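The structure appears below as structure tokens.
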């Protein structure tokens, strides 16, 4: 039940961004410009002793009001089919995020959200999207980004950028397989 509540709140949060076009920066400077400090903190960093803390209690933080102003970007990160293994061709882009997070964004707290296309059942896509978000987090941490600043969530196929939940072309599916970064500090 608690997992459902958290996912419901997060779905509501992401729905508030529906009117905005998602930006996909590819350089350190573009990432820094796209992720300025938000007006309010709505999801703080995990305590250093618990770098993998769970997302809980969001429903009491006034998410709807804060989310409208939270900076958000997307990244097309390629993974091996049906897995959370990051493809080598995505390392350069993630390297740009590492540079940004270790320099101008060194105090930023990010929510990393994984998204899938509409292939497969909901449970499978939910699990895969979370595993992929965690893989991105792990990559960033291995490159020197402080782990307690990075939180993960998986949305599966419920937040498509293109197409619908049930009808997506191959191009739309490709756009929907993504990772998003939301600055929450």
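The residues of segment 112-129 that are under 17 Å from residue 81 (Cβ atoms) and either surrounded by 23 or more Cβ atoms within 10 Å (Cβ to Cβ) or within 12 Å of the chain's Cα centre (by Cα) (or both), listed by number, are 114, 115, 116, 129. Scanning segment 136-185 for residues that are farther than 18 Å from residue 99 by Cα, outside any helix (DSSP H, G or I) and more than 16 Å from the chain's Cα centre (by Cα) yields 162, 163, 164, 165, 166, 167, 168, 169. Residue 97 satisfies every condition listed in (1) touching a strand residue (DSSP E or B) at 6+ places or on another chain (Cβ under 8 Å); (2) closer than 22 Å to residue 134 by Cβ; (3) modelled with pLDDT of 65 or more; (4) in a loop (DSSP other than H, G, I, E, B) except (4). The residues listed here are 73, 109; of these, the one that is surrounded by 18 or more Cβ atoms within 10 Å (Cβ to Cβ), within 12 Å of the chain's Cα centre (by Cα) and closer than 16 Å to residue 26 by Cα is 73. So, residue 136, is that one within 23 Å of residue 38 (Cα to Cα), surrounded by fewer than 19 Cβ atoms within 10 Å (Cβ to Cβ), at pLDDT 95 or above and touching a strand residue (DSSP E or B) at 6+ places or on another chain (Cβ under 8 Å) or not? No: the conditions fail for residue 136.
Please state which one of 55, 77, 112 is closer than 24 Å to residue 156 by Cα, touching a strand residue (DSSP E or B) at 6+ places or on another chain (Cβ under 9 Å), at pLDDT below 90 and not in a helix (DSSP H, G or I). It is 55.
The values are calculated or read from the model by the stated rules, or taken from the named source; none is laboratory data. Owing to the predicted nature of the structure, the values given are computational and were not obtained by experimental measurement. Note that each Cβ is placed from the backbone with ideal geometry, even for glycine, and that neighbours are counted across all protein chains shown.
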